[in-house]
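The values are calculated or read from the model by the stated rules, or taken from the named source; none is laboratory data. Given the structure is predicted, the values throughout are model-derived calculations rather than measurements. Don't worry about glycine lacking a Cβ; one is built from the backbone with ideal geometry, like all the others, and counts go over all protein chains shown.
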Amino acid sequence: MTKSVVPVNYDVLIVGGGMVGASLACALSQAGGANLHIAVVEGTPFDCEQQPSFDARSVALSDSSRIIFQTLGLWTEIEARGVMPIERIHISDRGHIGSTHMDCREQGVAAWGYVVETRVLGEVLTAGMNHSDNIDLICPARVEAAESGRGPDWATVKISRHGEVESLVAKLVVAADGAESRLRELAGIKTFSMNYGQTALIANLVCDRPHQHIAYERFTDSGPMALLPVCDPGGGEHAYALVWTLRPHQADAMASLDELAFLEHLQGHFGRRAGGFVKVGARHVYPLKFLLARELVRPRLAIIGNAAHSLHPVSGQGFNLGLRDVAVLAQIIVDAQRKGRDIGKLDILEDYAHWRRRDQWQTAGSTDALVRVFSNAFPPLALARNLGLLALDTLPPLKKRLARYAMGYIGKQPRLSRGLPL
Ligand SMILES: Cc1cc2nc3c(=O)[nH]c(=O)nc-3n(C[C@H](O)[C@H](O)[C@H](O)COP(=O)(O)OP(=O)(O)OC[C@H]3O[C@@H](n4cnc5c(N)ncnc54)[C@H](O)[C@@H]3O)c2cc1C
């Protein structure tokens, strides 16, 4: 049955309450003096098995993401539920001599990044939204259609909730609805996209020796594999989150092996640098694709997070990049609102697009290049990349640049990334 409900007017309507959309809602809700009335429309409840954003994965947060969460007052809560700092990173190329080792102490920082379960982020962000008086969390509900709205000053979005259709009206609609963004499609915004022909297999692993806060990145012919140090369920430090990139048929075969056979294959592929693998948890697969939206804004619409850019997980940058979108868009919205300006106007939103474009294109481009160069067995390329890895060890300025990039300090920093409140 469908029914039309009297529309409610919001300042900001965020479609998608995943990691990026929920972070934006939490940021906007606490901006003093802006008095924003916010709605978040999310298709799948956070505690549901099928929730696509808060699932079985662990993600590596950059130092700049930690500062953003700290400035929003969420980091203490995230840390209390389990965060593992990455102090050293070991990068190697399977079957070749090139390798490099990066220690955070060489750069004078406490950690390269922090590994956290997406479920932990889900708990903290959902609690943050539920405790805010100025956020309406509308879930489960899905956006089906969008219209230009009641006159030029508003956008209207149609949602389906409990089998009924409702209209929501807002000055600004933010698409945070992931790589398959319905809002982006409804706006007719085209993308640059391509399938990698690779699938990421993820699982939690237990090793026979402590991880010592080391993350491993190993490049292989089928694609890169990463081991990120995580907290053991028992409180120890022997566990890793595995992200293993494989051809789709290989990933399916690995996912269906029994535990012992899987551990044997993994050990054979990765070697014994991290020790012996003794246990593996549930395995999940994610087909990988590259996507970059050709436009980021339209009148009364802004696109953030995976709806704007979907990257290969090799560099662990997707969510970090999305959180930097959040920090910039939140600042632009709040500043315009405090000046009494219309936050849905294109000239204001273009400031967001202009500010974010370079970081998005650079991060997406360098991640894509990394996948291509390191998944290629062509001998001259293999030699060049091994020389590159060896050179990293002998060229401190190059290492420093890479370190700043990995920690998320790219281009002009918004207030939240500098530890300043909105
Ligand atoms: C294997 C793997 C490992 C990764 N590791 C890292 C890492 O270490 N570090 C890192 O920074 N990034 C990592 N990423 C990337 C990171 O997961 C994504 O960048 C992040 O999930 C993007 O968040 P998002 O909120 O933009 O999109 P999503 O996570 O896709 O969330 C979109 C949300 O919108 C909702 N939604 C969709 N359509 C609708 C609709 N029509 N109506 C209402 N709601 C809707 C969905 O239910 C979902 O909750 C990894 C990704 C993968 C696949």
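A residue that is among the small types (Gly, Ala, Ser), within 30 Å of Ala110 (Cα to Cα), in a strand (DSSP E or B) and touching a residue at least 60 places away in the same chain (Cβ under 8 Å) cannot be found anywhere in the range 257-278. Within the range 362-372, is there a residue that is more than 15 Å from Phe290 (Cβ to Cβ), of a type in the set (D, E, K, R) and in a helix (DSSP H, G or I)? Within the range 362-372, none of the residues are more than 15 Å from Phe290 (Cβ to Cβ), of a type in the set (D, E, K, R) and in a helix (DSSP H, G or I).
Residues checked against (1) over 14 Å from the mean Cα position of the chain (by Cα); (2) crowded, with 22+ Cβ neighbours inside 10 Å; (3) over 25 Å from Asn35 (Cβ atoms):
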| site | (1), (2), (3) |
| --- | --- |
| Glu295 | yes, no, yes |
| Ala307 | no, yes, yes |
| Ser310 | no, yes, yes |
| Ala336 | yes, no, no |
| Lys339 | yes, no, no |
| Gly344 | yes, yes, no |
| Glu350 | yes, no, no |
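Does Ala141 satisfy the criteria of being out of contact with any Pro (no Cβ under 6 Å at 6 or more places or on another chain), modelled with pLDDT of 95 or more and within 9 Å of the ligand (Cβ to nearest atom)? Spelling it out, Ala141 is indeed out of contact with any Pro (no Cβ under 6 Å at 6 or more places or on another chain), modelled with pLDDT of 95 or more and within 9 Å of the ligand (Cβ to nearest atom). Candidates in the range 149-165 are the residues that are within 14 Å of the ligand (Cβ to nearest atom) and buried (at least 20 other Cβ atoms within 10 Å of the Cβ); of these, the one that is farthest from Pro52 (Cα to Cα) is Val157. How about the range 12-32: which of its residues are within 8 Å of the ligand (Cβ to nearest atom) and in a loop (DSSP other than H, G, I, E, B)? Answer for the range 12-32, where residues must be within 8 Å of the ligand (Cβ to nearest atom) and in a loop (DSSP other than H, G, I, E, B): Gly16, Gly17, Gly18. When you check Tyr405 against the structure, is it in a helix (DSSP H, G or I), at pLDDT below 80 and closer than 24 Å to Ser193 by Cα, yes or no? Yes: the conditions hold for Tyr405. With the structure loaded, tell me whether Tyr240 is of a type in the set (Ser, Thr, Tyr), in contact with a Leu (Cβ under 7 Å, 6 or more places away or on another chain) and under 29 Å from Arg372 (Cβ atoms) or whether it fails that test. Considered against the rule, which asks whether it is of a type in the set (Ser, Thr, Tyr), in contact with a Leu (Cβ under 7 Å, 6 or more places away or on another chain) and under 29 Å from Arg372 (Cβ atoms), Tyr240 comes out as yes.
Would you mind stating whether Ala179 is surrounded by 18 or more Cβ atoms within 10 Å (Cβ to Cβ), within 10 Å of the ligand (Cβ to nearest atom) and over 30 Å from His265 (Cα atoms)? I'd like the intermediate steps shown before the answer.
Numbers: surrounded by 18 or more Cβ atoms within 10 Å (Cβ to Cβ): yes; within 10 Å of the ligand (Cβ to nearest atom): yes; over 30 Å from His265 (Cα atoms): yes.
In short, yes.
Listed by first and then second residue, the pairs linking a residue in the range 191-219 that is within 21 Å of Pro233 (Cβ to Cβ) and outside any strand (DSSP E or B) to a residue that is of a type in the set (Ser, Thr, Tyr) and within 13 Å of the ligand (Cβ to nearest atom), with Cβ atoms under 8 Å apart and 6 or more places separating them unless they lie on different chains, are His211/Tyr240.
For Arg119, the criteria (1) within 13 Å of the ligand (Cβ to nearest atom); (2) buried (at least 21 other Cβ atoms within 10 Å of the Cβ); (3) basic (Lys, Arg) hold in every case but one, which is (2). Kindly indicate whether Leu172 is away from the ligand (no atom under 13 Å from the Cβ), part of a strand (DSSP E or B) and either at pLDDT below 90 or touching a strand residue (DSSP E or B) at 6+ places or on another chain (Cβ under 7 Å) (or both). In short, yes.
Here Asn35 meets the list (1) within 15 Å of the ligand (Cβ to nearest atom); (2) in contact (Cβ under 8 Å) with a residue 12 or more places away in the chain; (3) out of contact with any Leu (no Cβ under 7 Å at 6 or more places or on another chain); (4) not hydroxyl-bearing (Ser, Thr, Tyr) almost entirely, failing just condition (1). Looking across the range 303-357, the residues that are within 16 Å of the ligand (Cβ to nearest atom) and touching a Lys or Arg at 6+ places or on another chain (Cβ under 7 Å) come down to Ile303, Ala307, Ser310, Asp325, Val328. Which numbered condition trips up Ser315, out of (1) under 30 Å from Ala253 (Cβ atoms); (2) surrounded by fewer than 21 Cβ atoms within 10 Å (Cβ to Cβ)? It is condition (2) that Ser315 fails. Can you tell me which condition Gly268 does not meet? The list is (1) buried (at least 20 other Cβ atoms within 10 Å of the Cβ); (2) modelled with pLDDT under 95, and all the others hold. With (1) buried (at least 20 other Cβ atoms within 10 Å of the Cβ); (2) modelled with pLDDT under 95 applied to Gly268, the lone miss is (1).
Number of residues in the range 34-45 that are in a loop (DSSP other than H, G, I, E, B) and farther than 15 Å from Asp177 by Cβ equals 5.
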